[in-house]
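The structure appears below as structure tokens.
The values are calculated or read from the model by the stated rules, or taken from the named source; none is laboratory data. These figures come from a predicted structure and were not determined experimentally. Here Cβ is always computed from backbone atoms with ideal geometry, including for glycine, and neighbour counts include all displayed protein chains. Calculation scope for accessible area: heavy atoms of the full protein, side chains included, ligands and nucleic acids excluded. Shrake-Rupley method; radii C 1.70, N 1.55, O 1.52, S 1.80 Å.
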Amino acid sequence: MAFPVMEVVLGSLISLYLVETYLALRQHAALKLPMLPVTLQGVISPEKFKKSRAYMIDKSHFRIVHEAATMLMDSMILLYRIIPWLWKRSGSFVEYVGLDAENETLHSISFFVAVLVSSQIFELPFSLYSNFVIEAQHDFNKQTKRVFFKNLSIELCISSLFGAPIVAAIISIVQRGGNYLVIYLWGFSFVVSVTLTIVYPLLIAPLFNNFTALPDGELRKEIENLASSLNFPLENIFMMDGSTRSTHSNAYMYGVFNKSIVLDDTLIKQCQDTDKVVAVIAHEMGHWKLNHTIHAFAAIQVLLFVHFGVFDIVRQSSVLFQNFGFDTQPILIGFFIFQHVVMPIQHIFSFCMNLISRSSEFKADVFAKNIGYGTALQAALVKLQEQNLSAVNTDPWYSAYHYSHPPLAERVAALDELNKKSA
Ligand SMILES: [Zn+2]
């Protein structure tokens with residue numbers, strides 16, 4: 001008897017689900033704690049704590065239900081051989097519209113769009129509930145149902161428009177790749193990711209939000225001064241109308257060589273004074289100065305290279321395809337099988353990436369502190385946490401596994417420690 005790969009994959013899916021559910025329950029218990037952690041007592045007001053606690057408990061309930069439904073769905077898909085069925089159907093569809101069903105590229109694009117649409121349909125009730133019940137009840141949701149569906153259709157169109165040529169390119173690369181396939185695939189993914197990094201802020205982000213140059217004034221001047229003192233290649237500073245969709249706040253940078261800064265208008269409102277906003281930017285510039293972005297990019301490239309190497313092995317194993325219910329070996333299905341086979345390792349990788357990311361966050365905080373923004377950053381972090389109602393009490397196991405950013409209590413404590421040392 002052949003090795004039952006599909007059953008092993010299903011087994012690891014369930015084990016992983018059980019582990020993550022155990023962590024989620026631990027986190028749920030932490031969220032229910034009626035007291036602030038010691039570091040944040042007197043820092044966060046009791047009303048804000050009460051609000052954040054209620055919001056996080058609602059979100060946690062939702063997450064537990066969502067995870068259970070996803071798990072059930074994924075198991076059904078494997079057990080009832082939905083993927084082979086959908087693959088056949090997508091082929092029939094290509095034939096139905098009068099195209100050549102023998103053409104693997106057309107067949108794969110049809111399958112890709114079918115997967116995209118069906119996963120959106122599965123997610124729809126959850127994202128509706130999350131936006132219009134949970135977020136709305138806690139006063140975060142600012143989008144109407146019309147805007148929600150408009151954005152959803154734009155996202156679906158963009159994914160299909162960008163996804164279809166990418167699928168076609170991958171298939172043609174795999175068909176021709178020969179011995180150097182892994183290098184070609186990696187080169188292709190490199191070009192695509194660099195292109196998307198350039199194209200996204202210029203062409204795609206403006207479809208969802210309005211961007212205006214930050215008006216002249218104290219804030220602009222302070223950011224420009226900070227940038228020039230650090231030799232930061234500042235190109236432009238934009239304000240984004242993030243408040244039209246949600247009152248969660250945000251700031252980010254983009255650009256490969258010259259960088260632009262985008263400030264969410266809610267961030268400016270929530271921080272209230274210039275100092276705090278500039279402190280947040282100082283932290284972001286810390287990531288740039290300490291090369292965190294480049295290191296993360298390089299790490300991802302190495303991971304991708306390894307991934308493509310494993311994919312090359314998976315796609316050539318007819319036994320694996322048979323295990324998942326396929327007599328043929330379509331390239332796109334190879335990716336699907338590959339994803340399932342490496343899933344447990346991927347979770348370990350993402351845990352390691354979170355570890356590295358959290359240590360980078362501390363380093364960027366230290367950087368901001370060293371250039372004089374320690375106190376303002378601390379105040380900004382507390383303010384943003386209060387406004388965004390993020391979790392105040394966190395379970396250490398849960399946050400170690402899931403969080404890319406350290407919990408507020410840890411960041412405030414680390415900055416306190418530094419302030420004490422320098423005092
Ligand atoms: Zn950061």
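Couple of notes before you dig in:
- Cα-based shape type of the stretch 149-189, given that a ≥ b ≥ c are square roots of the gyration tensor eigenvalues and the cut on a/c is 1.5: prolate
- Heavy atoms of Phe297 accessible to a 1.4 Å probe, total area in Å² rounded to 10: 80 Å²
- Taking Cβ atoms as reference points and 12 Å as the exclusive limit, the residues near Leu106 contribute a net charge of -4, counting Lys and Arg as +1 and Asp and Glu as -1.
- Our coupling estimate for the stretch 41-50, obtained by passing each phi through the Karplus curve with A = 6.51, B = -1.76, C = 1.60 and θ = phi - 60°, is 5, x, 9, 9, 6, x, 5, 4, 5, 4 Hz, Gly and Pro reported as x.
- For the chain, the residue among Asn225, Phe208, Val8 whose Cα projects farthest onto the positive side of the dipole built from Cβ charges is Asn225.
- Look at the Cα gyration tensor of the stretch 1-159: its axes a ≥ b ≥ c give a/c of at least 1.5 with a/b at or below b/c, and that counts as oblate.
- Most mobile listed residue (Gly217, Gly11, Gly286) in the chain, GNM with C-alpha springs under 10 Å: Gly217
- Three-way shape call for the stretch 113-243 based on the alpha-carbon gyration tensor, with the a/c threshold at 1.5: oblate
- Accessible surface of the stretch 36-77, 1.4 Å probe, proportion on carbon and sulfur as whole %: 67 percent
- A simple count of charges around Leu156, restricted to other residues whose Cβ falls under 15 Å of its Cβ and scoring Lys, Arg +1 and Asp, Glu -1, yields -1.
- Computed with the Debye formula from one identical point scatterer per Cα of the chain, without solvent, the log10 of I(q)/I(0) at q = 0.07 Å⁻¹ comes to -0.42.
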